[in-house]
Amino acid sequence: MRVVLVRPTHPGNIGACARAMKTMGLTRLCLVAPSRFPSAEATAMAAGADDVLYHAGVHASLPEALAGSGLVVGTSARRRGIAWPEAGPRAAATEVLDAARHGEVALVFGPEHSGLANTEIESCQLMVCIPTAPDFSSLNLAAAVQIMAYEVRQAALDEGPMSPRTEARSATAEQLEQLYTHLEEALVAVGFLDRAKPGRLMHRLKRLFNRARLDQNELNILRGFLAAVQGREKGSG
Ligand code: SAH
């Protein structure tokens with residue numbers, strides 16, 4: 001399981017997140033385009049979790065940081081204009097634990113000022129909003145990481161040892177991106193999607209597939225189906 005911080009602007013927050021993670025037994029930190037890293041401020045705020053900082057991956061984009069991950073859970077201080085599958089921290093932690101049996105899991109946190117962008121939310125299968133006072137909902141980044149890491153740890157403690165894997169592995173974030181690209185091409189080819197007037201179609205379809213939590217077999221079936229549709233289209237054109 002990895003914690004992904006998207007465009008963190010305050011180096012102290014990166015260190016405080018590393019500390020929050022380590023207290024709950026999490027070690028894998030990924031940073032997407034941090035303003036400043038490494039930095040003395042981050043190390044000072046890590047207060048002994050320097051090893052988490054030292055091993056942190058630095059990535060240019062969110063898709064890069066999500067490479068290989070199955071379930072992607074995003075966090076947001078507020079409801080956005082877009083409706084997306086949502087869960088509270090506790091229910092999300094149970095899902096995270098469950099998904100960690102079949103694949104990798106990413107917990108994604110947004111920048112201090114703006115939170116995650118809508119396109120970044122589209123990479124998440126589930127959004128978590130930590131309940132707060134209604135008129136003051138924005139937690140400090142490291143505080144949000146602490147709460148989520150705590151919930152995952154509690155869920156693990158409640159559950160006891162993990163049972164063996166049975167189902168197919170979850171489709172990974174990059175496989176889903178490839179599916180969306182393929183789907184878009186096929187929809188254009190059959191004349192269902194007009195690139196000049198795309199509307200919200202791809203957004204809605206991504207939401208549908210994110211909700212479905214595809215496994216590798218299901219993903220392969222869909223890719224095969226799309227390839228067959230494209231083959232027919234070519235043949236008939
Ligand atoms: N003004 C931003 C706040 C960003 S706070 C906004 O409205 O989204 C920085 C990050 O901390 C957020 O992107 C989110 O990942 C996390 N965070 C802060 N408060 C949260 C809350 N109440 N629930 C879930 N995540 C929260």
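Within the stretch 69-87, restricting attention to residues that are open to solvent by 30 Å² or more (accessible area, probe 1.4 Å) and not charged (D, E, K, R), the residue that is farthest from S137 (Cα to Cα) is A83.
Within the stretch 147-169, is there a residue that is polar (S, T, N, Q), more than 16 Å from the ligand (Cβ to nearest atom), free of Cβ contacts under 8 Å to residues at least 40 places away in the same chain and over 23 Å from L62 (Cα atoms)? For the stretch 147-169, residues polar (S, T, N, Q), more than 16 Å from the ligand (Cβ to nearest atom), free of Cβ contacts under 8 Å to residues at least 40 places away in the same chain and over 23 Å from L62 (Cα atoms): present. Considering only residues that are in contact with a helix residue (DSSP H, G or I) (Cβ under 7 Å, 6 or more places away or on another chain) and touching a residue at least 60 places away in the same chain (Cβ under 8 Å), which ones fall in the stretch 174-213? Those that are in contact with a helix residue (DSSP H, G or I) (Cβ under 7 Å, 6 or more places away or on another chain) and touching a residue at least 60 places away in the same chain (Cβ under 8 Å): E174, E177, K206. Being closer than 21 Å to E64 by Cβ, open to solvent by less than 10 Å² (accessible area, probe 1.4 Å) and either of a type in the set (K, R) or touching a residue at least 40 places away in the same chain (Cβ under 8 Å) (or both) is the filter here; which residues of the stretch 15-51 pass it? The answer is C17, M21.
Consider the stretch 97-112. How many of its residues are within 14 Å of the ligand (Cβ to nearest atom) and farther than 14 Å from S123 by Cβ?
First pass over the stretch 97-112, keeping only residues within 14 Å of the ligand (Cβ to nearest atom): 106-112.
Those left that are additionally farther than 14 Å from S123 by Cβ: 111-112.
Final tally of qualifying residues: 2.
Looking at the stretch 88-118 only, could you name the residues that are of a type in the set (V, I, T) and open to solvent by 50 Å² or more (accessible area, probe 1.4 Å)? Passing the criteria: only T94. Of the residues making up the stretch 119-146, not one is open to solvent by less than 60 Å² (accessible area, probe 1.4 Å), away from the ligand (no atom under 11 Å from the Cβ) and over 19 Å from L71 (Cα atoms). Here G224 passes the criteria (1) of a type outside the set (S, T, Y); (2) at pLDDT below 95; (3) exposed (fewer than 15 other Cβ atoms within 10 Å of the Cβ) except the one numbered (2). Would you point out the residue of the stretch 3-14, among those that are touching a residue at least 60 places away in the same chain (Cβ under 8 Å) and surrounded by 20 or more Cβ atoms within 10 Å (Cβ to Cβ), that is nearest to Q154 (Cα to Cα)? For the stretch 3-14, the residue satisfying everything is V3. When the residues of the stretch 169-215 are filtered to those that are modelled with pLDDT under 90, part of a helix (DSSP H, G or I) and not hydrophobic (A, V, I, L, M, F, W, C), the one that is surrounded by the most Cβ atoms within 10 Å (Cβ to Cβ) is N210.
Considered as a group, the residues in the stretch 147-165 that are at pLDDT below 90 and of a type in the set (D, E, K, R) include one that is surrounded by the most Cβ atoms within 10 Å (Cβ to Cβ), and that residue is E159.
The values are calculated or read from the model by the stated rules, or taken from the named source; none is laboratory data. The shown structure was predicted, so the numbers you read here are calculated from the model rather than taken from an experiment. Cβ coordinates were reconstructed from backbone atoms using ideal geometry, including for glycine residues, and neighbour counts include every protein chain displayed. Side chains are part of the model used for accessible areas, which takes the heavy atoms of the whole protein and leaves out ligands, DNA and RNA. Shrake-Rupley method; radii C 1.70, N 1.55, O 1.52, S 1.80 Å.
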